[in-house]
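**Q** Below is the structure I would like to discuss, written out as structure tokens.
The values are calculated or read from the model by the stated rules, or taken from the named source; none is laboratory data. Since the model is a prediction, treat every value here as computed from it, not as a measurement. Quick reminder, even Gly has a Cβ in these numbers, built from the backbone with ideal geometry, and neighbours come from all protein chains shown.
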Amino acid sequence: MEAAHLLRGCGGAQPPRRRPTNAYRNEQALQPAFTTKGTAMKNYVLDTTVLLYDPQALYAFQDNCIVVPITVIEDIDKFKKDLSETGRNARQTSRHLDELRAKGRLSTGVTLPSGGSVIVRIATEESLHRLPREFRTRDAHILAIALEVKSQSGDTPTVIVSKDTNLRIKADAFGLMVEDYESDKVDIEELYPGHRECLVDATILDAFMEEGFVPAPVADLFPNEYVALIDAVDASHLALARFDQETGHVLRLASDAKNNAWRVKPQNREQFYALDALLSDEIQLVTLVGKAGTGKTLLAVAASLYKTVDENSFSRILVSRPTQPMGKDIGFLPGDVEQKLLPWMYPIADNVEYLMRSEGGKSKHHLRGFKELVDMGVLIIEPLTYIRGRSIHNQYLIVDEAQNLTPHELKTIITRVGDGTKIVVTGDPYQIDNPYIDACSNGLTYVVEKFKDQAIAAHVTLTKGERSELSELAANLL
């Protein structure tokens, strides 16, 4: 008997198990799994998109209760093998939940350091049947759980948090409170432009023209903010300057003496500002935001060639653009990394080819200048996939199309910058291909706002297109 008992305990014949009843699923409804009587402010039901965007979201709701539907765990499991940033976020979310599981049962709630709690919920058959038949989809489980939590929470608000626009619309249709995840959101309409106009007396302008600097005309300038000093009487009498926080003065632009670097001459004020930031040695981080055709990439490439080839201030130029989705394996195409990435780098190649035209206006062989620079080791193209763990010293680093990066991805890139390296980040927040971010939550606008009061950073928003008359009309009309 004893041997038979041990055999059953090790996987031998066992008595038939009873089929689980609804009592198991309803067990969660009997447990204090979420806020019911004011012990916290709100119950937040998180969607998959939130945790794939930011795995730290589990700790971002202070002393509130976080409800994670079981279908969200299933979705995260599907992404865990991806090599992209989304896959890394999925794995990190799983690790966070497993650490919390070790502290208690997720089915009844685990207390967070902030005083809130996290619970993983399963939708009951009863709550699912309350939804119309056409809503029996993946989102149905999230909606069913949110409705169930709402009905059992009394006066405590229940909110669905999602970056999925359609899910927010569905939730609103069912009378649920909804929010976007806005921990890294920036008001795009109020984005720091990096420059302004100031009306001054003509004597101040004359002094600036003679000395190259004058005291700042206003007190609320940000470090390295650009200022157009305009005569209060004659608007055609003006000068362009940059604010130096250390001295409290506005200084003459460095680009004034170098505005023909690699045959590129600024066509408007914003381009003068951008070229000054790109050529100034004391500015280590430059962010350029603007629509198509404003000259962001062209100016960045021209300045990098001038500083690297002409002035020898940097050992080489390192250029990278996110392939979409960012971090995805570059595939099984033949060739080395440069050959595989070349289609993504055509915008850079086009700008280099334009800059290396002969003085007579005749273009060299297509991409010849670009390839020569690559072969010489002056210009390096590299996927962002492999930037983790690197330390980049004494290089001119250009990250183009950065609006497709999340704040975390751009943080990863900027933290790779070592001594003597200058980084330029460019992009258009209104042309985003990444499904998990938008104009307000992308890494480019986030970095602009976070670095606007730092002395080693400068930003310029470019608004006027200079590529061609047709390009400008298309950008404005279409």
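**Q** Leu405 is checked against (1) farther than 21 Å from Leu275 by Cβ; (2) in contact with a Lys or Arg (Cβ under 9 Å, 6 or more places away or on another chain) and fails just one. What number does that condition carry?
**A** Condition not satisfied by Leu405: (2).
**Q** Yes or no: Thr463 surrounded by fewer than 21 Cβ atoms within 10 Å (Cβ to Cβ), touching a residue at least 40 places away in the same chain (Cβ under 8 Å) and not acidic (Asp, Glu)?
**A** So Thr463 fits the description; yes.
**Q** Say whether the condition of being outside the structural domain of Arg121 (by TED's automatic domain parsing), surrounded by 11 or more Cβ atoms within 10 Å (Cβ to Cβ) and either part of a helix (DSSP H, G or I) or at pLDDT 50 or above (or both) is met by at least one residue in region 76-94.
**A** No, there is no match, as no residue in region 76-94 is outside the structural domain of Arg121 (by TED's automatic domain parsing), surrounded by 11 or more Cβ atoms within 10 Å (Cβ to Cβ) and either part of a helix (DSSP H, G or I) or at pLDDT 50 or above (or both).
**Q** List every residue pair whose Cβ atoms lie under 6 Å apart, where the two residues are 6 or more positions apart in sequence or sit on different chains, the first residue falls within region 67-94 and is under 15 Å from Pro435 (Cβ atoms), and the second residue, located anywhere, is of a type in the set (Val, Ile, Thr) and buried (at least 19 other Cβ atoms within 10 Å of the Cβ).
**A** Asp75/Thr48; Phe79/Thr86; Ala90/Ile76
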